[in-house]
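Working notes, structure below.
The values are calculated or read from the model by the stated rules, or taken from the named source; none is laboratory data. Here the structure is a predicted model, which is why all the values come from computation and not from measurement. In this analysis, Cβ positions are derived from the backbone assuming ideal geometry, glycine residues included, and neighbour counts consider all displayed protein chains.
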Amino acid sequence: MEKSLTPYRVIYGDTDQMGVAYYANYLRWFEMGRTELLRQIGLPYISIEEKGLRFPVIEVSCRYFRPARYDEAIIIETNLTSLGRASLSFHYKIYRKEDESRIASGWTKHACVDGEGHITRIPLDLEASLKAALFPTTRADADKPYC
């Protein structure tokens, strides 16, 4: 069971005219957390690509609780929560480092595809590494946002 905690500081380019992080940037932050989790378990995404595989996002959900603002330090908490034969899901919590107040939470679901974009089974060597990193959830929680 692995959990990744990725620190990030909101840059000016992340914000909109109101001085808060633009909503789509949260999906970029999810990607940062996911990339770091994979690296942490010994599967940097480039190594997956070198096997001729990709994990494109096929579903995404993000719930916003309060805004992230310019120059705030945030933490992106990422967990791998489900693993199928040709799919995997990650859950995320984004919170302020200073007071640990929740900013957003969400999840992404990914397919495993080959170089031509065809859905393919996750190879056994990758599956073993991913299985070891699975964060326990109940079956009832598998498709719910991780709040």
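Going by the structure shown, is Leu37 more than 19 Å from Arg69 (Cβ to Cβ), surrounded by 13 or more Cβ atoms within 10 Å (Cβ to Cβ) and modelled with pLDDT of 95 or more? Criteria met by Leu37. The single condition among (1) touching a residue at least 60 places away in the same chain (Cβ under 8 Å); (2) under 17 Å from Ile11 (Cα atoms) that Asn25 does not meet is (1). With respect to the conditions (1) at pLDDT below 95; (2) surrounded by 20 or more Cβ atoms within 10 Å (Cβ to Cβ), Met1 falls short on a single one, namely (2).
Scanning the range 42-69 for residues that are within 18 Å of His91 (Cβ to Cβ) and either part of a strand (DSSP E or B) or at pLDDT below 95 (or both) yields Val57, Ile58, Glu59, Val60, Ser61, Cys62, Arg63, Tyr64.
Consider the range 13-34 and keep the residues that are assigned to a helix (DSSP H, G or I) and touching an Asp or Glu at 6+ places or on another chain (Cβ under 8 Å). The one that is surrounded by the most Cβ atoms within 10 Å (Cβ to Cβ) is Gly33. With respect to (1) within 20 Å of Ser4 (Cβ to Cβ); (2) surrounded by 13 or more Cβ atoms within 10 Å (Cβ to Cβ); (3) hydrophobic (A, V, I, L, M, F, W, C), the lone exception for Ile58 is condition (1). Restricting the first member to the range 54-68 and to residues that are touching a residue at least 24 places away in the same chain (Cβ under 8 Å) and basic (Lys, Arg), and the second to residues that are surrounded by 13 or more Cβ atoms within 10 Å (Cβ to Cβ) and not in a strand (DSSP E or B), the beta-carbon pairs closer than 7 Å and six or more apart or on different chains are Arg63/Pro145.
Consider Leu88 carefully, then state whether it is within 30 Å of Gly115 (Cβ to Cβ) and in a helix (DSSP H, G or I). No: the conditions fail for Leu88. Only one entry in Ser129, Ser89, Ser47 is in contact (Cβ under 8 Å) with a residue 60 or more places away in the chain and of a type in the set (Ser, Thr, Tyr), namely Ser129.
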